[in-house]
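Presented below is the structure to which this report refers.
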Amino acid sequence: MTVQGKTVSAIDIAKGALGFLPDMPRILPSLFNLAFLRPLSRRSLGLLFQETAAKHARQPFLKSGSETWTYDKANATCNQMARGLHALGVQAGDTVGLLSANRAETLLAVVACAKLGAVAALLNINQHGAVQAHSLGLVKPRLVLACDKGLQILKALEKEQPGFLKSIEVLSLQEPSSDLLVTDFRSAWCTQPAHNLAYTAQIIASSPCFYIFTSGTTGLPKASVMSHYRWLQAALGMNTAVRLNSDDVFYCCLPLYHNNALTVSLGVVVAAGACFALDEKFSASKFWQRIAHYQVTAFCYIGELLRYLLNQPERMDDQNHEVRLILGNGLRPEIWSDFENRFGIHQIFEFYGASESNLGFMNAFGLKETVGFCPMPYEVVACNADTEQVQRNTHGFCVPVARGEVGLLISEITGLRPFDGYTDPAANEGKLLRNVFRKGDCWFNSGDLVRRQGWQHIQFVDRLGDTFRWKGENVATSEVEGVLAKLPFLEHAVVYGVKLKGVDGKAGMAAVAVKRGYRLDLKAMANHLVSNLPAYAVPQYVRVLKLVETTGTFKYQKVRLKKEGLDQNQFQDSLYWFDANTQRYESVK
């Protein structure tokens with residue numbers, strides 16, 4: 001594997017652990033609750049929320065636009081919404097679809113479903129037509145709550161597929177709605193009692209809490225199940241690491257249909273009794289204005305978000321803010337220090353996790369260039385990047401890699417670490433490995449290549465399906481993308497392998513987009529890549545994108561790019577090939 005990375009020492013751990021000592025009295029309750037949490041415990045998102053609301057009744061829970069909701073007001077509204085859903089026929093275990101942009105009502109509706117024992121399905125507001133129909137078909141909602149944009153998506157879907165929504169009741173979550181023909185959800189809950197529901201205290205932790213859909217970058221979306229148990233583990237565990245205060249304001253501009261918003265951000269806020277500042281979407285040019293508007297002290301990120309902020313022109317007031325910590329995933333090692341130094345944010349809590357995963361890592365000790373620490377057992381095993389299959393020894397069992405080496409991350413499925421999986425059983429089986437270290441055992445296959453750093457720490461390397469083999473060597477696309485990200489004239493860079501006729505392996509292709517106001521410098525690009533990568537990792541082709549397609553969380557649509565490969569009949573973008581003799585990129589005629 002081409003990627004380089006650090007290892008973790010006992011001294012690193014000791015230094016990081018010292019930071020916990022002053023906060024131990026404050027984090028002990030979370031540690032206590034986490035230690036005694038079990039899948040059959042009568043604990044849930046809704047119960048934790050109302051317990052926090054009782055302690056911090058008059059403190060702000062939610063700020064969105066010009067609105068502010070105290071914990072007391074939010075809890076009362078969620079109780080009314082839950083009773084309103086029940087009056088509409090929703091029972092515990094039923095699915096309620098939410099097709100809405102980031103709005104206060106959307107977040108409160110999720111908590112309302114949790115209090116009732118219903119399962120909120122967070123539908124992607126950026127998906128249309130057949131893809132949206134597929135998502136609805138996976139979860140089969142009893143009813144759908146939609147904002148105005150969501151209503152338009154559903155109307156268009158009904159026009160394309162007449163009768164599709166015949167069995168689904170649709171209500172407007174936005175008030176007032178622009179569609180007078182759709183029932184306003186508010187009318188169903190506004191007169192309901194506001195006290196806590198007795199049923200909330202009976203919900204079992206292993207019950208489904210909500211459905212989060214995969215981004216669809218590798219095919220049609222899948223609905224992953226988030227149980228109350230895993231949500232509570234994330235909320236309590238992450239806040240033990242980040243140690244928010246009740247007077248913190250935590251900012252989120254990521255979509256609520258993403259776990260970074262609904263599990264990570266909401267989780268640490270509710271666990272701490274802090275305030276959740278919610279914006280509809282991310283804006284790189286207005287980001288720090290929004291931070292000042294809400295008086296933010298912490299925010300949630302994904303790696304691309306931080307890169308977009310770094311790509312903005314430097315300003316004298318880049319450090320004129322009150323942000324003391326950030327929490328998220330995907331921060332590339334090559335821009336970690338650049339971001340930290342430019343914006344003066346030194347508490348960066350990187351984590352690793354997936355919607356369907358039964359384990360998570362958290363940078364609790366404040367180390368650089370690591371996704372962090374996991375106290376639960378896991379393994380990193382040898383894997384063939386070509387076949388995407390684990391390597392087995394003569395006894396048929398998997399082979400762990402040594403410290404500093406790269407392998408496939410896996411986690412054993414047990415009663416305490418269940419695999420909630422997807423709503424589709426067939427999709428579940430594809431994520432499981434059996435007979436890994438002994439006959440009959442079962443492990444979750446993360447599909448991620450990681451470096452074992454030691455002391456229960458790992459470093460993310462690449463998605464297994466993205467790594468490719470060229471000239472007998474494995475190429476990690478994430479490393480090549482990281483090197484390209486250092487070029488000042490590039491806005492985007494996505495790397496993948498393309499098949500060549502009569503040649504073993506795959507040749508590297510870099511699809512790039514040039515920043516506005518800059519020009520593409522192919523000579524500088526070639527020199528930079530040759531100087532910073534092994535020869536086999538230098539992209540053999542460069543495609544200059546006119547349009548960059550990303551998901552709502554800035555993931556690239558690699559599937560389409562891979563499918564198009566080198567076939568210039570399928571795209572109009574300029575294409576260049578690398579001449580190894582001249583060390584330059586030349587136009588493909």
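The values are calculated or read from the model by the stated rules, or taken from the named source; none is laboratory data. The structure presented is a predicted model; accordingly, all values stated were derived computationally and were not measured. Positions of Cβ are backbone-derived with ideal geometry, glycine not excepted, and every protein chain shown enters the neighbour counts.
Before moving on, here are some points about what is shown:
- Any hit, the stretch 570-578, residues being within 30 Å of E369 (Cβ to Cβ), in a loop (DSSP other than H, G, I, E, B) and either of a type in the set (F, W, Y) or in contact (Cβ under 8 Å) with a residue 60 or more places away in the chain (or both): no
- Selected residue (criterion: surrounded by the most Cβ atoms within 10 Å (Cβ to Cβ)) from residues of the stretch 398-437 that are aliphatic (A, V, I, L, M) and assigned to a loop (DSSP other than H, G, I, E, B): V436
- Of the residues screened, V380 is not one that is farther than 30 Å from D12 by Cα and either buried (at least 17 other Cβ atoms within 10 Å of the Cβ) or not aliphatic (A, V, I, L, M) (or both).
- Top-ranked residue in the stretch 540-574 [being among the aliphatic types (A, V, I, L, M) and either more than 15 Å from A526 (Cβ to Cβ) or modelled with pLDDT under 75 (or both); ranked as surrounded by the fewest Cβ atoms within 10 Å (Cβ to Cβ)]: L547
- Leading residue by the ranking (surrounded by the most Cβ atoms within 10 Å (Cβ to Cβ)) among those in the stretch 469-499 that are modelled with pLDDT under 85 and touching a Lys or Arg at 6+ places or on another chain (Cβ under 9 Å): S478
- Residues of the stretch 452-485 satisfying the condition of being assigned to a strand (DSSP E or B) and under 20 Å from the mean Cα position of the chain (by Cα): H457, I458, Q459, F460, V461, D462, R463
- Some residue of the stretch 221-228 being modelled with pLDDT of 95 or more, surrounded by fewer than 20 Cβ atoms within 10 Å (Cβ to Cβ), closer than 25 Å to F36 by Cα and not polar (S, T, N, Q): no
- Odd one out for H56, checked against (1) in contact with a helix residue (DSSP H, G or I) (Cβ under 6 Å, 6 or more places away or on another chain); (2) within 16 Å of V110 (Cβ to Cβ); (3) surrounded by fewer than 22 Cβ atoms within 10 Å (Cβ to Cβ): (2)
- With respect to the conditions (1) among the aliphatic types (A, V, I, L, M); (2) modelled with pLDDT of 95 or more; (3) surrounded by fewer than 12 Cβ atoms within 10 Å (Cβ to Cβ), M525 lacks only one, and its number is (3).
- Lone qualifier among L48, L98, L85 - being touching a residue at least 60 places away in the same chain (Cβ under 8 Å), touching an Asp or Glu at 6+ places or on another chain (Cβ under 9 Å) and not basic (K, R): L85
- Checking V494 against (1) in a strand (DSSP E or B); (2) more than 27 Å from E388 (Cβ to Cβ); (3) under 30 Å from the mean Cα position of the chain (by Cα), the condition it does not meet: (2)
The rows are residues; the columns are (1) closer than 30 Å to V480 by Cβ; (2) in a helix (DSSP H, G or I).
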| position | (1), (2) |
| --- | --- |
| V8 | yes, no |
| S30 | no, yes |
| L34 | no, yes |
| A53 | no, yes |
| R58 | no, no |
| F61 | no, no |
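- Hits in the stretch 383-397 - residues which are out of contact with any Gly (no Cβ under 8 Å at 6 or more places or on another chain) and either within 30 Å of V139 (Cα to Cα) or crowded, with 18+ Cβ neighbours inside 10 Å (or both): A385, V390
- Pairing residues of the stretch 529-553 that are under 20 Å from E564 (Cα atoms) with residues that are assigned to a strand (DSSP E or B) and modelled with pLDDT under 90, at Cβ distances under 9 Å and at least 6 apart in sequence or on separate chains, gives Q540/W470; L545/H492; V548/E491; V548/H492; V548/Y556; E549/Y556; T550/H492; T550/Y556.
- D567 charged (D, E, K, R), out of contact with any Cys (no Cβ under 8 Å at 6 or more places or on another chain) and over 30 Å from T214 (Cα atoms): no
- Any strands (runs of 3 or more DSSP E) falling wholly within the stretch 280-392 and containing at least 3 residues that are over 18 Å from the mean Cα position of the chain (by Cα): 379-381
- Cβ separations smaller than 7 Å between residues 6+ apart or across chains give the following pairs from the stretch 13-30 residues that are touching a residue at least 60 places away in the same chain (Cβ under 8 Å) and surrounded by 12 or more Cβ atoms within 10 Å (Cβ to Cβ) to residues that are among the small types (G, A, S) and part of a helix (DSSP H, G or I): S30/A271.
- Residues (surrounded by fewer than 24 Cβ atoms within 10 Å (Cβ to Cβ) and over 18 Å from V225 (Cα atoms)) located in the stretch 254-289: G273, D279, E280, K281, F282, S283, A284, S285, K286, F287, W288, Q289
- Exactly one residue among L48, L40 is within 25 Å of Q233 (Cα to Cα), part of a helix (DSSP H, G or I) and hydrophobic (A, V, I, L, M, F, W, C), and that residue is L48.
- Taking (1) out of contact with any Phe, Trp or Tyr (no Cβ under 8 Å at 6 or more places or on another chain); (2) within 17 Å of C209 (Cα to Cα); (3) surrounded by fewer than 23 Cβ atoms within 10 Å (Cβ to Cβ) in turn, V139 satisfies each apart from (1).
- Members of the stretch 69-82 found to be free of Cβ contacts under 8 Å to residues at least 60 places away in the same chain and either touching a Cys at 6+ places or on another chain (Cβ under 8 Å) or surrounded by fewer than 16 Cβ atoms within 10 Å (Cβ to Cβ) (or both), listed by number: none
- Filtering A205, A261 for residues that are of a type in the set (A, V, I, L, M), closer than 21 Å to E105 by Cβ and touching a strand residue (DSSP E or B) at 6+ places or on another chain (Cβ under 9 Å) leaves a single hit, A261.
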